[in-house]
Structure formats: structure tokens, C-alpha cells
Amino acid sequence: MSWQTYRIATVRGIPLELHLSLVIAALWLISQFGWITGLFIQLCLLVSIALHELGHSLVGMRLGCRVRRIVLTFIGGAAQMEHIPSRPLGEFLMAAAGPAVSLLLGLTGLLGGAYFPRLELPDSKFNPFMILGVLNIGLLLFNLLPAFPMDGGRILRAVLTPRFGRLQATIFAARLGRILAVLMGIRAFFPFNLFLLAIAFFVFTAAGQEELAVRIQEATRQGHPFAPLFNLFTTPEPPVAPDQVEVSPPPFRRGRRERVDLEVDDSPP
Ligand SMILES: [Zn+2]
């Protein structure tokens, strides 16, 4: 993804990168809302998603994770992390940090809109504070859906893990994610909505990857006789998606580098 992304800043040592697909998103927003409003919405989205991802990242770093980078794409953002917390409380705190930031931004926007009701953008008459508020409440609600790969899926897994174990909890949250993706995919055709279809596709794939990654981790950890077979799925060079990072050596201690899905979340608007 190197030529497709452009580094714009580094926060606390975390590179913040923009993906080329954002140009399409910006053009689409401009075509729908006009130049000023379109660019304002795009800017609001980027800042909101970046802060949401930084919320995950900074809490993750306090819990001993290493954050490789944050990438913002046209369907949201992803913080790529190494050694995500596997204990339920750690995962819960890290997953909840992003939505907490969105809630704060959303409330700020809604309160600002109520306080400055006459403020409006010249080409659409939208209140800029309300745009900030509505976007972030939307991000919050979408991310709290209790299914992988959304933050809600991680929170659900953290809650279910003590009772059912990490593997069963992951399978449950990942299946919910795929059901949700199919429903979104069907909805995307009535009327046709390419954006929603892209999100549905992303959610479906990411949910499956999360389940596969945890199956591999569990099989390897337990010394399962078929563990090397599972590992076939991840070697030698799986397609590089924004939600894949290299981890080495844990959780794999086999002496060679493995790729595993450790994506923290996505935040489609
Ligand atoms: Zn998130």
C-alpha cells in the first residue's frame, strides 16, 4: 500500500497516513453538497476518524501495544497494531476508547449547533457544528454494532470471553459480522449504493479474517496437530489488506514471521 498512502503527520510516534481512495470520496461529497460543504464534510470526517483511531491507539499503547500506523481510507480508518491486548479488560478498554472519542466529538458538535444555530455554510445552509455532531454520532452508532470488525464486536468478545473462551466469543462476533454484512449488501442494491456495498464487502471479509486469525492463534497455542495446516492459509504472502500486520514472534513462536489479522477497527462513516 506504500504508493497509495501519503503520510500527513506523526502523533506520539504514530504515522498518520491518507489513502488515495479519499480523493474519490472528496469528489463524491463535492458533487453531492457543493465545494465548501463537500470539503468541510471530508475534513470533518478525516479529523473525527483520526481522533477516534488515536483514542484506540493511545489506550492501546498504555496497555503495552505498539501502533505501527493509522491509515484513513474512503470507508473509514484503521489503526494497525502489534500485540493487541488479549485479556478481556484490556481489549474492552482499547475497543471502547474510539467510540468514547466519537461520543465526545458528537456531543460537542450537537451542543455547538444548539448554541450557534445561525451559523451556516454558504452553499448548503448546513450548520458546521451540526455536521460535526451528526457525523460523529453516526460513527459512534455504526462502530458500536456488536459484530466484528466493528468496535462493538471487540467489546462483545471481551464481555463473552470470560464465560465462553476467546475462540467461541470470536466465532460468535464474527458470524454476527458476516450476517450484518450480507444484510448491508442486500440493502446496497435497493437503491444501488456503491459506498454501502464497499462497506458490506469490507465487513464480510474482515469478520472472516478475524475468526481465521483467532482459530490459528488458538490452534498454535494449544499445539493442535493440525495447526501447521491452518498456517497454510497465512503463508507465504497473503493479500496485503489494511487490516493485516506482521507479528513476530508472539503469538507465533515458530521462528518465522507470520501475518495475522490484528486490525483494531474500522470506522466507516
Ligand atoms: Zn473504532
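The values are calculated or read from the model by the stated rules, or taken from the named source; none is laboratory data. Because the structure is a prediction, the values reported are computed rather than measured. Methodologically, a virtual Cβ is constructed for each residue, glycine included, from the backbone with ideal geometry; neighbour enumeration extends over all protein chains shown.
Pairing each residue of segment 108-136 that is surrounded by 14 or more Cβ atoms within 10 Å (Cβ to Cβ) with any residue that is among the charged types (D, E, K, R) and in a loop (DSSP other than H, G, I, E, B), provided the two are 6+ apart or on different chains, yields C-beta distances under 9 Å for PHE126/GLU120; ASN127/ARG118; ASN127/GLU120; PRO128/GLU120.
Of all the residues in segment 81-91, those that are away from the ligand (no atom under 13 Å from the Cβ), on the phi < 0 side of the Ramachandran plot and in contact (Cβ under 8 Å) with a residue 12 or more places away in the chain number 6.
Yes or no, residue by residue, for (1) part of a helix (DSSP H, G or I); (2) surrounded by fewer than 17 Cβ atoms within 10 Å (Cβ to Cβ); (3) out of contact with any strand residue (DSSP E or B) (no Cβ under 7 Å at 6 or more places or on another chain):
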position	(1), (2), (3)
LEU16	no, no, no
VAL23	yes, yes, yes
GLN42	yes, no, yes
VAL47	yes, yes, yes
LEU51	yes, no, yes
SER57	yes, no, no
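Quick grid of which residues meet (1) closer than 20 Å to LEU196 by Cα; (2) among the basic types (Lys, Arg); (3) at pLDDT below 90:
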position: ARG12; (1), (2), (3): no, yes, yes
position: LEU22; (1), (2), (3): yes, no, yes
position: ALA25; (1), (2), (3): yes, no, yes
position: GLU53; (1), (2), (3): no, no, no
position: ARG68; (1), (2), (3): no, yes, yes
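Within the group LEU167, LEU176, LEU183, LEU194, which residue is of a type in the set (A, V, I, L, M, F, W, C), within 18 Å of the chain's Cα centre (by Cα) and surrounded by fewer than 21 Cβ atoms within 10 Å (Cβ to Cβ)? Of the residues listed, the single one that is of a type in the set (A, V, I, L, M, F, W, C), within 18 Å of the chain's Cα centre (by Cα) and surrounded by fewer than 21 Cβ atoms within 10 Å (Cβ to Cβ) is LEU176. Only one of the listed residues (GLY185, GLY152) is within 23 Å of GLN217 (Cβ to Cβ) and of a type in the set (Gly, Ala, Ser). That residue is GLY152. With respect to (1) touching a residue at least 40 places away in the same chain (Cβ under 8 Å); (2) more than 19 Å from ASN143 (Cα to Cα); (3) more than 16 Å from the ligand (Cβ to nearest atom); (4) under 19 Å from the mean Cα position of the chain (by Cα), the lone exception for LEU43 is condition (1).
If a residue has to be within 12 Å of the ligand (Cβ to nearest atom) and either in contact (Cβ under 8 Å) with a residue 40 or more places away in the chain or in contact with a strand residue (DSSP E or B) (Cβ under 8 Å, 6 or more places away or on another chain) (or both) to count, how many in segment 137-147 make the cut? Of the residues in that region, 5 qualify.
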